[in-house]
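The structure appears right after this line, and notes come after that.
The values are calculated or read from the model by the stated rules, or taken from the named source; none is laboratory data. Here the structure is a predicted model, which means the values were calculated and not measured. Quick reminder, even Gly has a Cβ in these numbers, built from the backbone with ideal geometry, and neighbours come from all protein chains shown. Calculation scope for accessible area: heavy atoms of the full protein, side chains included, ligands and nucleic acids excluded. Shrake-Rupley method; radii C 1.70, N 1.55, O 1.52, S 1.80 Å.
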Amino acid sequence: MKNFLKQITASAIGTLLGLCLFAGVGIGGLLFLVMAAASLNPTPEVEDKSVLVLDLSMEIADNPVGGDSLLGGDRSSISLRTVLEAINRAGTDDKIVALYLDSSGISGGTGLANLREIRQALEKFKTQGKKIVAYDVDWSKSDYYLGSIANEIVVNPMGSVEIDGVSVESAFFAGAMAKYGIGVQVVRAGKYKSAVEPFTAQKLSPENRQQTQSLITNVWGELVNTISSSRNLTPTQIQTLADTQGVLSAQAAQEQKLVDKIGYLDQVVSDLKELTAADPEADSFNQISIRSYGNSQAQKVKSSGNKIAVVYAQGDIVDGRGSPQQVGGESLGEEIRQLRNDEAVKAIVLRINSPGGSATASEQILREIQLTKEKKPVIISMGNYAASGGYWIATYGDRIFAEPNTITGSIGVFGLLFNVGELARQNGITWDTVKTGNLADTQTISRPKTPQEIAIYQKSVDQIYNQFLAKVAESRNLPRPKVEEIAQGRVWTGKEAQELGLVDELGGLEAAIAYAAKAADLGDDWQIEENTKERSIPDQIMELVQNIQLQQPVDPLTKEMQKLQTQLAGVRSLNDPRDIYARLPFNLEIK
């Protein structure tokens, strides 16, 4: 009964939107694609004078995707480590002469923290004497953030470059819920803990507006500083373009030195043919995709009896085992426990890319981390998000790494208490109750909670919030008053979090792995162990359908429906047994 309202407010709407989005894919076409994917060509060898191709239409995700027996692997995503290792190897590979950033497809939606680490690898690639060429028709700001590292940036004559700043637009459902008779009551701890606002308000609270403005100002500032440095411009020049033009035509972008050339794809291909000494009559230049290159190098990885396990906490934190797109308290706790008892595993790197979720599940995971660090180092690597419950599970790591643009903090707790009493009455549904005490039916959704029940829930939220504060104070060696000041549900960037003492060091996944090897005193005698999440055949088919749809241009109305579906998806993951959560108020996505 507790989850009934969540289903009608999220699942029903999400299902309807999903049906609209996926209805265009026929069964015959799907089966054809499945068979085609299953018959993919084997990994090619690297030819002399080859160009490494990074297709930015792929999502570069933390967690490697398993379950590729049916579809030949997920062709629309690739793991961050695969990309980083491929770029690092290519920098010293005499057969690789350049790298081509192909941004001409629909952006894969890779987070800024991951893009920043890839950018650093590309910068090192350049210093090794290798050329980077980047091409797009319409450069989005996230793709341009990565592409600006290139030696040569090309834009299509009909294209543009987007430099218009960062905004956060929040949808509020309170008015609609009141209209349809759905009641919401809230308990929370932390004045900035605003994840409840979409269900209780019709606009941002002053506290939420303040923290959101501060966050996106810092994220935009890092983006501006990075681009201006690569393009030999000043941050002021970039900001002026954002304020006065926003989206620059190809000609204007070249005049403002945002791009080096205006040209068509065939002209870029022709230049790359010349670079690789390919036959001018050939269809294309000598090339190898970053995925294939990574696979071709897989057998050359050193072998060692000492392992550093990289564990991924990616997605909403939920009670139980969760799905491949979620962090299950039970399943992740079990994985960490197994690694703790594996003598070959000398250190663990926990990569967190989560906005949080269930407080109960977060504590379950943290307990396994605390027990594990008594036997071996546990190093935390924060990705795009590691906030609220995502920060909860990070607190006791031996060392915490974050990128400057990682979103973290949000140390606060809330509870959402739905009821459908009015909705039911409007439709002729009534309840009658027999009970043995005043509080026997506290969990009902047939009526609002009484003041006594609200007080009980608030007491529970305050208790968990105080536990959260105590854990941060103890693990980070911070005075309790200081933690209370920087908590309150407030969201911080990784750079701010380091200054506040919530993070130890700025750096990416590779830096965390290197530190783990040092902490375990392994020298150069170690290898990485990763566990992939296997997907069922139905999950693989559905994911393929979704990826097909995501690669198709969509109309503006469908885009807004997709955004709404994404915002409602967080409601489906609210399954804490006590209905108490530590989660971010929004998912910030820069495109």
>> Can you name every one of the strands (runs of 3 or more DSSP E) wholly within the stretch 96-162 that holds 1 or more residues which are touching a strand residue (DSSP E or B) at 6+ places or on another chain (Cβ under 9 Å) and at positive phi?
In response: none
> Quick one: would you say Lys95 is surrounded by fewer than 17 Cβ atoms within 10 Å (Cβ to Cβ) and touching a Ser or Thr at 6+ places or on another chain (Cβ under 7 Å)?
Replying inline: yes
> Pick from the stretch 241-275 the residues that are hydrophobic (A, V, I, L, M, F, W, C) and within 13 Å of Ala134 (Cβ to Cβ): which of them is most open to solvent (accessible area, probe 1.4 Å)?
Replying inline: Leu265
> Among the residues of the stretch 430-451, is any free of Cβ contacts under 8 Å to residues at least 24 places away in the same chain, open to solvent by 10 Å² or more (accessible area, probe 1.4 Å), basic (Lys, Arg) and out of contact with any helix residue (DSSP H, G or I) (no Cβ under 7 Å at 6 or more places or on another chain)?
Replying inline: yes
>> I need the full set of residues from the stretch 335-381 which are of a type outside the set (A, V, I, L, M, F, W, C), free of Cβ contacts under 8 Å to residues at least 60 places away in the same chain and in contact with a Gly (Cβ under 7 Å, 6 or more places away or on another chain), in order please.
In response: Ser354, Gln364, Glu368
>> Can you report the number of residues in the stretch 468-479 which are assigned to a helix (DSSP H, G or I) and open to solvent by 80 Å² or more (accessible area, probe 1.4 Å)?
In response: 1
> If you go through the stretch 176-193 one residue at a time, do you hit one that is assigned to a helix (DSSP H, G or I), modelled with pLDDT of 90 or more, open to solvent by 10 Å² or more (accessible area, probe 1.4 Å) and β-branched (Val, Ile, Thr)?
Replying inline: no
>> Checking Gln325 against (1) of a type outside the set (Asp, Glu); (2) over 30 Å from Met382 (Cα atoms); (3) free of Cβ contacts under 8 Å to residues at least 60 places away in the same chain, only one condition comes out false. Which one?
In response: (2)
> Does Ala253 qualify as being under 26 Å from the mean Cα position of the chain (by Cα) and either in contact (Cβ under 8 Å) with a residue 60 or more places away in the chain or not in a helix (DSSP H, G or I) (or both)?
Replying inline: no
>> Looking at Ala313, Ala278, Ala252, Ala309, can you tell me which residue is aliphatic (A, V, I, L, M) and within 30 Å of Ser50 (Cβ to Cβ)?
In response: Ala278
>> Anything in the stretch 194-232 that is outside any loop (DSSP other than H, G, I, E, B), open to solvent by 40 Å² or more (accessible area, probe 1.4 Å) and touching a helix residue (DSSP H, G or I) at 6+ places or on another chain (Cβ under 7 Å)? List them, or say none.
In response: Thr200, Asn218, Asn225
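Here is a yes/no grid of residues against (1) at pLDDT below 90; (2) open to solvent by 20 Å² or more (accessible area, probe 1.4 Å):
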{"position": "Ile8", "(1), (2)": "yes, yes"}
{"position": "Leu16", "(1), (2)": "yes, yes"}
{"position": "Lys49", "(1), (2)": "no, yes"}
{"position": "Leu54", "(1), (2)": "no, no"}
> Could you count how many residues in the stretch 503-516 are in a loop (DSSP other than H, G, I, E, B), open to solvent by less than 20 Å² (accessible area, probe 1.4 Å) and touching a strand residue (DSSP E or B) at 6+ places or on another chain (Cβ under 6 Å)?
Replying inline: 2
>> For the stretch 422-461, give me the residue count where each residue is assigned to a loop (DSSP other than H, G, I, E, B), of a type in the set (A, V, I, L, M) and under 28 Å from Arg188 (Cα atoms).
In response: 3
> Regarding Ile513, is this residue modelled with pLDDT of 60 or more, under 30 Å from Leu215 (Cα atoms) and in contact with a helix residue (DSSP H, G or I) (Cβ under 7 Å, 6 or more places away or on another chain)?
Replying inline: no
> From the list Ser354, Ser358, Ser381, which one is under 21 Å from Asn477 (Cβ atoms) and buried (at least 24 other Cβ atoms within 10 Å of the Cβ)?
Replying inline: Ser381
> Give me the pairs: first residue in the stretch 115-128 and modelled with pLDDT of 95 or more and of a type in the set (Lys, Arg), second residue in a helix (DSSP H, G or I) and crowded, with 22+ Cβ neighbours inside 10 Å, beta-carbon distance under 7 Å, and six or more apart or on different chains, which are they?
Replying inline: Arg119/Leu146
>> Tally up the residues in the stretch 233-250 that are part of a helix (DSSP H, G or I) and touching a strand residue (DSSP E or B) at 6+ places or on another chain (Cβ under 8 Å), please.
In response: 2
> Quick one: would you say Lys126 is in contact with a Leu (Cβ under 7 Å, 6 or more places away or on another chain), closer than 22 Å to Ile290 by Cα and open to solvent by 20 Å² or more (accessible area, probe 1.4 Å)?
Replying inline: no
> Out of the stretch 480-494, which residues are over 14 Å from Val186 (Cβ atoms) and open to solvent by less than 60 Å² (accessible area, probe 1.4 Å)?
Replying inline: Val483, Ile486, Ala487, Gln488, Arg490, Val491, Trp492, Thr493, Gly494
> Got a sec? Which of Leu522, Leu574 is at pLDDT 60 or above, surrounded by 21 or more Cβ atoms within 10 Å (Cβ to Cβ) and at negative phi?
Replying inline: Leu574
> Which residues, taken from the stretch 278-288, are open to solvent by less than 70 Å² (accessible area, probe 1.4 Å), of a type outside the set (Ser, Thr, Tyr) and either in contact with a Lys or Arg (Cβ under 6 Å, 6 or more places away or on another chain) or not in a strand (DSSP E or B) (or both)?
Replying inline: Ala278, Ala282, Phe285, Asn286
